[in-house]
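Visitor: Before I ask anything, here is the structure I am working with.
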Amino acid sequence: MKQVKPKKHLGQHFLIDLGIAKRIADTVDACPQLPVLEIGPGMGVLTQYLVEKPRVVKAVEIDRESVAYLHEHFPRLRDNIIGQDFLRMDLTTVFDGQPFVLTGNYPYDISSQIFFKMLDNRQLIPCCTGMIQREVAQRIAAVPGTKAYGILSVLIQAWYDVEYLFTVDEGVFNPPPKVKSAVIRMTRNATTHLPCDEGLFRRLVKTVFGQRRKMLRVSIRPLLTQLTPPEDFFTQEVMTRRPEQLTIAQFVELTQQLTALGYPTTQTPSHT
């Protein structure tokens, strides 16, 4: 079977450097013994190294041409190739409800959605590794007080320890993307629950970062339209800061304050 042609509408950029593929595959070794789910294997450049590890490997691929290629070239994986859209999958069914490592050369245009799904299934995913656009990786790994620190930084670091592992140049892909890539690893931290309403926590983070150049006393107001906060609410020192200056603990504390003011409980976090 001939090689798969990269499809622009699927955001496919096939990695062609075997050395980098092996380095990415080895990032899952930090979470030994757990099975691995690879997203978007394409023609299997990363898959070929994953299947050599002493663990179960499954791969989910939305592109039918790639699925056919994988069936032909990886017969040992035939029963473990899932021809579905990862974003629509019920992850509890992949390994019968058992935890697993998530990895892949992730499509740039849906990487954030992939990580939001990871957050919603964090009890199943103690470790997530892989390659994404460098700018997104920098955001995920950013610390408070930096320009890259934002929504992804706060929401992911609330639950995961993030390691920016290495940068990947454009020339090792077919076709080459217009930006550099990076490989990261996210490992579940010791947090079992946030001491606040998680849905409201997410809403707060997204709301204030929507106006990241403004002080909190301005950017938080869209959440207060139905509330009557006391006068000293806006005189808190934290209200003079911009969102990128707040730690996760401070976002939690602000969420608690909104709840105390009567903000309705948010049962299901919104990703929109």
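Visitor: Where the only charges are on Cβ atoms (+1 Lys, Arg; -1 Asp, Glu), what is the dipole of the chain about its Cα centre, to the nearest 20 debye? Let's see the in-between values first.
Guide: Numbers: 32 positive and 27 negative charges, 136 e Å.
So the dipole magnitude of the chain works out to roughly 660 debye.
Visitor: Please report, ordered by residue number, every helix of the chain (full DSSP H runs) that is 15 Å or longer along its axis going by C-alpha atoms and whose mean Kyte-Doolittle hydropathy reaches 1.0. Spell out each step's value before the answer.
Guide: Details: long enough: 198-209 (17 Å, 0.34); 248-260 (18 Å, 0.56).
Membrane-span-like by this criterion, though nothing is claimed about a membrane: none.
Visitor: If R0 is 25 Å, what FRET efficiency do you get for GLN123 and ASP232 from their C-beta distance, rounded to 0.05? Kindly include the intermediate steps, with their values, before the conclusion.
Guide: Details: r = 39 Å, r/R0 = 1.55.
Efficiency for this residue pair is about 0.05.
Visitor: Moving on. So what's the net charge close to LEU224: Lys and Arg +1, Asp and Glu -1, counting the other residues with Cβ under 15 Å from its Cβ?
Guide: Result for the neighbourhood of LEU224: +2.
Visitor: Quick check: Cα centre of the range 169-221 to Cα centre of the range 74-88, how many Å?
Guide: 29
Visitor: Here's another thing I want to ask about it. Calculate the spin-label point distance for THR167 paired with VAL56, positioning each point 7 Å from the Cα along the beta-carbon direction, and give it in nanometres.
Guide: 4.0
Visitor: Further question: In percent, what relative contact order does the range 89-135 have, based on Cα pairs under 8 Å that are 6 or more apart in sequence? Write out the running numbers ahead of the final one.
Guide: Numbers: 42 pairs, mean separation 24.6, N = 47.
Result for the range 89-135 is 52 percent.
Visitor: Using θ = phi - 60° and the Karplus curve 6.51 cos²θ - 1.76 cosθ + 1.60, what whole-Hz ³J(HN,Hα) does each residue of the range 53-60 get, with Gly and Pro shown as x?
Guide: Result, rounded to whole Hz: 7, x, 7, 6, 10, 10, 9, 10.
Visitor: Would you mind putting 132-141, 170-179 in packing order, based on average other-beta-carbon counts within 10 Å, highest first?
Guide: On the way: 132-141: 20.9, 170-179: 13.4.
Sorting 132-141, 170-179 by mean packing, highest first, produces 132-141, 170-179.
Visitor: Over the range 141-272, what relative contact order in percent results from Cα pairs under 8 Å that are six or more residues apart? Could you put the intermediate results ahead of the total?
Guide: Details: 159 pairs, mean separation 38.5, N = 132.
With pairs under 8 Å counted, the relative contact order is 29 percent.
Visitor: Still on this structure, I have one more. If you compute semi-axes √(5λ) of the Cα gyration tensor in Å for the structure shown, which of [x] 29, 23, 17; [y] 39, 19, 16; [z] 31, 25, 15 do you land on?
Guide: Comparing each candidate, only [y] matches the computed number.
Visitor: Let me check I've understood the local charge: for ASP161, count other residues with C-beta under 10 angstrom from its C-beta, Lys and Arg +1, Asp and Glu -1. What total comes out? Walk me through the intermediate numbers first.
Guide: Working: positive: ARG185, ARG188; negative: GLU163.
Charge balance in the 10 Å sphere: +1.
Visitor: Per DSSP H run of n ≥ 4, the term is -39500 (n - 2.57); total these for the chain, divide by its residue number, and report the mean residue ellipticity at 222 nm rounded to 500 deg cm²/dmol.
Guide: Working: 9 runs with 77 residues, N = 272.
For the chain, the value works out to -8000 deg cm²/dmol.
Visitor: Still on this structure, please answer the following. Cysteines without a disulfide-compatible partner in the chain, using Cβ under 4.7 Å as the rule?
Guide: If one checks each Cβ against the other cysteines of the chain, CYS128, CYS196 turn up with nothing under 4.7 Å.
Visitor: Between THR146 and VAL218, what FRET efficiency comes out of the Förster formula 1/(1 + (r/R0)^6) with R0 = 22 Å and r the beta carbon distance, rounded to 0.05? Present the calculation step by step, with values, prior to reporting the outcome.
Guide: Numbers: r = 21 Å, r/R0 = 0.97.
About 0.55, to the nearest 0.05.
Visitor: With unit charges on the beta carbons (Lys and Arg positive, Asp and Glu negative) and the dipole taken about the Cα centre of the chain, which residue among PRO107, GLY210, LEU194 sits farthest to the positive side?
Guide: GLY210
Visitor: Determine, from the Cβ-Cβ distance of THR240 and ARG88 and an R0 of 35 Å, the FRET efficiency 1/(1 + (r/R0)^6), rounded to the nearest 0.05. Don't skip to the answer; put the middle values down first.
Guide: Working: r = 43 Å, r/R0 = 1.24.
Efficiency at R0 = 35 Å is approximately 0.20.
Visitor: Over the range 4-145, with the other protein chains present, what is the accessible area per residue in square angstrom, probe 1.4 angstrom? Before the final figure, lay out the partial values.
Guide: On the way: 6380 Å² over 142 residues.
The answer is 45 Å² per residue.
Visitor: Still on this model: List the residues whose amide H sits under 5 Å from the amide H of ILE82, counting only those 5 or more places along or on another chain, with H placed 1.01 Å from N in the peptide plane.
Guide: Those qualifying (amide H under 5 Å, at least 5 residues apart or on another chain) are ALA59, VAL60, GLU61.
Visitor: I've got another one for you. Given a cut-off of under 8 Å on Cα pairs at least six residues apart, what relative contact order in percent is computed for the chain?
Guide: On the way: 447 pairs, mean separation 43.7, N = 272.
Result for the chain is 16 percent.
Visitor: Does the range 86-227 come out rounded, prolate or oblate, given a ≥ b ≥ c as the square roots of the eigenvalues of its C-alpha gyration tensor, rounded meaning a/c under 1.5 and, failing that, prolate meaning a/b above b/c? Could you put the intermediate results ahead of the total?
Guide: Details: a/c = 2.03, a/b = 1.26, b/c = 1.62.
Verdict is oblate for the range 86-227.
Visitor: Follow-up question, since we're still on this one. Of GLY19, VAL94, ILE125, which is farthest along the charge dipole of the range 1-148 in the positive direction, counting Lys and Arg as +1 and Asp and Glu as -1 at C-beta?
Guide: The residue sitting farthest along the positive end of the dipole is GLY19.
Visitor: If you put +1 on each Lys and Arg Cβ and -1 on each Asp and Glu Cβ, how big is the dipole of the range 1-114 around its Cα centre, in Debye rounded to 20? Write out the running numbers ahead of the final one.
Guide: Numbers: 13 positive and 14 negative charges, 52 e Å.
Here the range 1-114 has a charge dipole of around 240 debye.
Visitor: Another question, if that's okay. Rounded if a/c is under 1.5, else prolate if a/b beats b/c, else oblate: with a ≥ b ≥ c from the C-alpha gyration tensor eigenvalues square-rooted, which is the range 44-100? Let's see the in-between values first.
Guide: Working: a/c = 2.11, a/b = 1.16, b/c = 1.82.
Oblate, since a/c reaches 1.5 and b/c is not below a/b.
Visitor: Residues with amide H under 5 Å of TYR160's amide H, sequence separation 5 or more or different chain, H placed in the peptide plane at 1.01 Å from N; which?
Guide: Result for TYR160 returns ASN189.
Visitor: At 1.4 Å probe size, with every protein chain present, just tell me what the per residue accessible area of the range 172-265 comes to in Å².
Guide: Dividing the accessible area of the range 172-265 by its residue count gives 51 Å².
Visitor: Further question on the same structure: Share of the range 1-138's accessible area from carbon and sulfur, percent, 1.4 Å?
Guide: Working: 3160 of 6450 Å².
Ligands and nucleic acids excluded, carbon and sulfur reach 49 percent.
The values are calculated or read from the model by the stated rules, or taken from the named source; none is laboratory data. As the structure is a computational prediction, the values presented were derived from the model and not from experiment. Positions of Cβ are backbone-derived with ideal geometry, glycine not excepted, and every protein chain shown enters the neighbour counts. Areas reflect the complete protein model, heavy atoms only, side chains present, ligands, DNA and RNA absent. Shrake-Rupley method; radii C 1.70, N 1.55, O 1.52, S 1.80 Å.
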